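Taken together, the values in this text are just the output of simple stated rules run on the coordinates, not laboratory data. What you see is a predicted model, and the numbers here were worked out from it, not measured in a lab. Don't worry about glycine lacking a Cβ; one is built from the backbone with ideal geometry, like all the others, and counts go over all protein chains shown.
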Amino acid sequence: MDEKRYLPQYWYNLQADLPEPPDPPLHPVTHEPMKPEDLAVLFPMACIEQEASRERYLPIPEEVREIYALWRPTPLRRARRLEKALDTPARIYYKYEGASPVGSHKPNTAVAQAYYNRQEGVTRLTTETGAGQWGSALAMAGAFMGITVQVYMVKVSYHQKPYRRILMETFGARVTPSPSEETEAGRAILAQDPNSPGSLGIAISEAVEQAIKDPQTRYSLGSVLNHVLLHQTVIGEEALRQMEEAGAYPDVVIGCVGGGSNFGGIAFPFLGERLRHGRNTRFVAVEPAACPTLTRGVYAYDYGDTAHLTPLCKMHTLGASFMPASIHAGGLRYHGMAPLISKAVDLGLIEARAYTQTKVFEAALQFVRSEGIIPAPETSHAIRAAIDEALDAKAKGEERVILFNFSGHGFLDMGAYESYLRGELTDYNHTQEAIEAALRELPQI
């Protein structure tokens, strides 16, 4: 079978269908709306144009589709054994993004960004990574496109997940634990706290600083920005067709959220159907209680990084100085949320939910022991919500169709499972005082 002909030819752009547009990004110094030339030091012009586009569908370059075809379309599966274990009338479907070469959804944008950078003659990319899923994806894309990749990996994850580091290095990337002595941003953090576990905000500062200083280097981001979520909608576009073939349509669509890329990837095409055609689908974004951006943050302009080098985005945030607890779901330890998701939450289109990590791993084991696939700690947040939705349907006697994004497998996260099985995991709930302290540092816009 020619899988490529089942691949979407276009990415879906939610900006075309939102009832009101998101607020524009602002310059980090002047606080004026960013111009394309302001962003050109960080991103290729094609991504900058996608960032601001209001076109509903944007074409996927043929070379990108050729690479996608190595693993796409990814399978849509029904979790029948989990349904039976829960004794629920609900039907649970999941889009298995663990089928990609690096085991997650992240290559969907990594390949696209590397392609556009190569088109402009860029020879080196810098980036950050939390759990290592994004860093692995960009390392692979860099190898495919002949681009050198420098990854700043959040220090706590660098030590928790050595095999993710090795995977990045196998693809040819250079990996540095962050905060590091290699940048001014990293040195400033270490001067304040030599034992800093790091955060995505800090790692972003280091990667952006490197890109700003070197004209041959650009920065690549794995989540948050509009063009990143755009590239991920290949997931939802495939799922629309697959759900139709399955003879079902989701009553609820679920995804975990850190910066928002995998949730936006599966949810946005279905949200577009709701906005254009009135489909009655709910959308649930699930985050860790240890980094409760949507459930306890505020909707305001904030920096995307700790050193205040990035544009200001209107988003749900806990404050750029917020330091999340060192949970195993490293990919969800980000202080902010994608502006498009934040806007949709503000409009009442998306629900937010937060779970502690022991509740999440409890759900992960239930999934493993019924469906046989080990989910990443991040993915397990979506599984927790899917199980709760199925149990709620059981309690109410409803035939509910549930779709969640299985954003990545956990085959390289066994240390986290070992900690859970030994009873060593700790649940974190930040005090309101700690959150308010970080929020007091928000820029006055």
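Enter the Cα centre distance for the pair the range 265-331 and the range 372-426, rounded to the nearest angstrom.
Distance between centres, Cα-based: 19 Å.
Read phi for every residue in the range 121-135 and hand back ³J(HN,Hα) as whole Hz from Karplus 6.51 cos²θ - 1.76 cosθ + 1.60, θ = phi - 60°, with x for Gly and Pro.
Working through the residues one at a time gives x, 5, 10, 8, 10, 10, 7, 10, 8, x, 6, x, 5, 5, x Hz.
Need the C-alpha centroid separation for the range 99-115 versus the range 1-50, integer Å.
Answer, in whole Å: 17.
For the range 165-231, which GluC sites (Glu not before Pro) pass both filters: DSSP loop (anything but H, G, I, E, B) and at most 13 other C-beta atoms within 10 Å?
Within the range 165-231, the qualifying GluC sites (Glu not before Pro) (loop, at most 13 other Cβ atoms within 10 Å) are GLU181.
Could you tell me what percent of the DSSP beta bridges with both partners in the chain are antiparallel, to the nearest 5?
Close to 35 percent.
List every residue whose amide H lies under 5 Å from the amide H of SER178, counting only residues 5 or more places away in sequence or on a different chain, with H placed 1.01 Å from N in the peptide plane.
For SER178, the qualifying residues are MET153, VAL154, LYS155.
Pulled fully out, how much extra length does the chain show between LEU391 and GLU433, if you take 0.36 nm times their separation in residues and subtract their Cα-Cα distance?
Computed gain between LEU391 and GLU433 is 11.7 nm.
Full extension from MET45 to SER370: what is 0.36 nm times the residue separation minus their Cα-Cα distance, to one decimal in nm?
Numbers: separation 325, 0.36 × 325 = 117.00 nm, distance 4.63 nm.
So the extension gain works out to 112.4 nm.
Which loop-located trypsin sites (Lys or Arg not before Pro) does the range 1-65 contain, where loop means any DSSP state but H, G, I, E or B and the Cβ has at most 13 other Cβ atoms within 10 Å?
Answer by residue number: ARG54.
In which sequence would SER380, SER220 go, from the one with the fewest C-beta neighbours within 10 Å to the one with the most?
SER220, SER380
In the set [x] 26, 59, 15, 0; [y] 23, 51, 22, 3; [z] 28, 62, 10, 0, which value of P(r) over Cα pairs in 20 Å bins from 0, in percent was calculated from the structure you see?
Only one listed value fits the structure, namely [z].
Of LYS396, LYS106, LYS359, which is the most mobile in a GNM of the chain whose springs link Cα atoms less than 10 angstrom apart?
LYS396
Which percent, nearest 5, of DSSP beta bridges in the range 265-379 are antiparallel?
60
Cα gyration tensor of the range 274-392, axes a ≥ b ≥ c as square roots of the eigenvalues: rounded (a/c below 1.5), prolate (a/b > b/c) or oblate?
oblate
For the range 140-225, just say rounded, prolate or oblate: build the C-alpha gyration tensor, square-root its eigenvalues into a ≥ b ≥ c, call rounded for a/c under 1.5, and beyond that prolate if a/b exceeds b/c, oblate if not. If you can, show how the numbers build up before the last one.
Numbers: a/c = 2.00, a/b = 1.26, b/c = 1.58.
Oblate shape, in that a/c is at least 1.5 and b/c is the bigger or equal ratio.
For TRP71, TRP11, TRP134, what ranking results if the residue with the fewest other Cβ atoms within 10 Å of its Cβ goes first? Walk me through the numbers on the way to the answer.
On the way: TRP71 16, TRP11 28, TRP134 32.
With the fewest neighbours first, TRP71, TRP11, TRP134 line up as TRP71, TRP11, TRP134.
Taking the number of other C-beta atoms within 10 Å as the exposure measure, put VAL102, VAL345 in order starting with the fewest.
VAL345, VAL102
Quick check: convex hull of the Cα atoms in the range 199-249, volume per residue, rounded to a whole Å³? Write down the numbers at each step before the final one.
Values: hull volume 4.9 nm³, N = 51.
Enclosed volume per residue, from the Cα hull, is 97 Å³.
Give the long-range amide H neighbours of ARG91: residues separated by 5 or more places, or on another chain, with amide H under 5 Å away, using H modelled in the peptide plane at 1.01 Å from N.
The answer is ARG400, VAL401, ILE402.
Give me the lysines in straight-line cross-link reach of LYS95: C-alpha distance below 25 Å, same-chain residues under 8 apart excluded.
Reachable lysines: LYS4, LYS84, LYS106, LYS161, LYS343, LYS359, LYS394.
Among SER220, HIS409, HIS316, which residue has its Cα positioned farthest towards the positive end of the charge dipole of the chain, with +1 placed on the Cβ of Lys and Arg, -1 on the Cβ of Asp and Glu, and the dipole taken about the Cα centre?
Of the options given, the answer is HIS409.
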